[in-house]
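Chemist: What follows is a structure written as structure tokens; I'll ask about it next.
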Amino acid sequence: MKKEPVLFWIVTGMSGAGKSQTINCFEDFGFFCVDNLPVELLPKMAELCSRSGRPLQRVALGIDIREGGFLRDFLSTVDILKKQGVDCKIVFLDADDRTLLRRFSETRRRHPLGTSVQVGIKQERKQLLKIKELAVKIIDTTNLTLSELKQRILELLDVRHARSEMQLSVVSFGFKYGLPVDSDIVWDVRFMPNPNYKMNLRDKNGRDAPVRRYVLATPQAKRFGKKFFSVVAESLPHYVREGKSYLTVAIGCTGGRHRSVVMAEELAKYLKTRGYKVRLHHRDVDR
């Protein structure tokens, strides 16, 4: 069986332009990330990634001028990797000199080249010119917020993958046991008729077919359920664009055993049909 090629996203650029934040973005999108990897270890890294039956396909490496052999060995090492069949895509981060100066002054960091910050920026910009020319994407972070940076990375990777990158959880719960502490969106379904008052349903829960049929047949579920599901689905891409990597939708009823369980199951099913990976959890169903 022919192995899939290894793909390295190499994140580099001007010191202070946001390499660490960019690596964090890749990590949020499910990439295996290594920051400040020595250039001489790149071929070994490629070998390790390809050694398994299914090579690592989502790898992002942060390398910059702080690494000793970066300027001397980087270009030749990339050529070696390409001859070995490794696809190297370079993302180059930049910002204007005034912004870089401000960022260094705010953090009180020395420039990696060891000179004054202003001189160091000038020297670094000149030395990185050839590497910048090889980049598949140059991102100017001068005026970017973190969420905007994340959106640029999404666009680079293909925005269609955004929905599968968010860690999305749907949780049912009972209000009498308290709100889930990590909930981002909370929907109260206590306005729906309560199966607990039906003798034949009281000892069952929302995973049982009779309870599901009862809840879903109510006018409240029919009228409000689809509207709520639609609002949640339409809001998710906006959460992604704002940099949200984890989102929990909590649906609550009184005890967390009947109505909330049914509606959480339905919401998870609805979102899965729209391409989202959903983790479903019924917190209080067995209480």
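The values are calculated or read from the model by the stated rules, or taken from the named source; none is laboratory data. Quick caveat, the model's predicted, so the values are computed rather than measured. Cβ atoms come from the backbone with ideal geometry, glycine included; neighbour counts cover every protein chain shown. Side chains are part of the model used for accessible areas, which takes the heavy atoms of the whole protein and leaves out ligands, DNA and RNA. Shrake-Rupley method; radii C 1.70, N 1.55, O 1.52, S 1.80 Å.
Chemist: Could you grab me the full set of residues in region 176-205 that are touching a helix residue (DSSP H, G or I) at 6+ places or on another chain (Cβ under 9 Å) and among the aromatic types (Phe, Trp, Tyr)?
Modeler: 187, 191
Chemist: Out of all the residues in region 91-143, which are farther than 20 Å from residue 23 by Cα, among the hydrophobic types (A, V, I, L, M, F, W, C) and touching a Leu at 6+ places or on another chain (Cβ under 7 Å)?
Modeler: 117, 121
Chemist: Related question: Which pairs do you get when a residue that is touching a residue at least 24 places away in the same chain (Cβ under 8 Å) and polar (S, T, N, Q), found in region 13-39, comes within reach of a residue that is assigned to a loop (DSSP other than H, G, I, E, B) and open to solvent by less than 60 Å² (accessible area, probe 1.4 Å), reach meaning Cβ atoms under 8 angstrom, with the pair 6+ apart or on two chains?
Modeler: 15/64; 15/65; 15/111; 15/112; 36/63; 36/64; 36/67
Chemist: Can you tell me which of 87, 96, 73 is surrounded by 13 or more Cβ atoms within 10 Å (Cβ to Cβ) and at pLDDT below 85?
Modeler: Among 87, 96, 73, only 73 is surrounded by 13 or more Cβ atoms within 10 Å (Cβ to Cβ) and at pLDDT below 85.
Chemist: Additional query: Please indicate, with yes or no, whether at least one residue in region 271-286 is open to solvent by less than 40 Å² (accessible area, probe 1.4 Å), over 21 Å from residue 29 (Cα atoms), of a type in the set (Asp, Glu) and in a helix (DSSP H, G or I).
Modeler: no
Chemist: So, of the residues in region 106-141 that are of a type in the set (A, V, I, L, M, F, W, C) and part of a helix (DSSP H, G or I), which turns out to be most open to solvent (accessible area, probe 1.4 Å)?
Modeler: This residue is 129.
Chemist: Let me ask another. Take region 221-239 and flag every residue that is without any contact (Cβ under 8 Å) to a residue 60 or more places away in the chain and open to solvent by 50 Å² or more (accessible area, probe 1.4 Å).
Modeler: 222, 223, 224, 226, 227, 231, 234, 238
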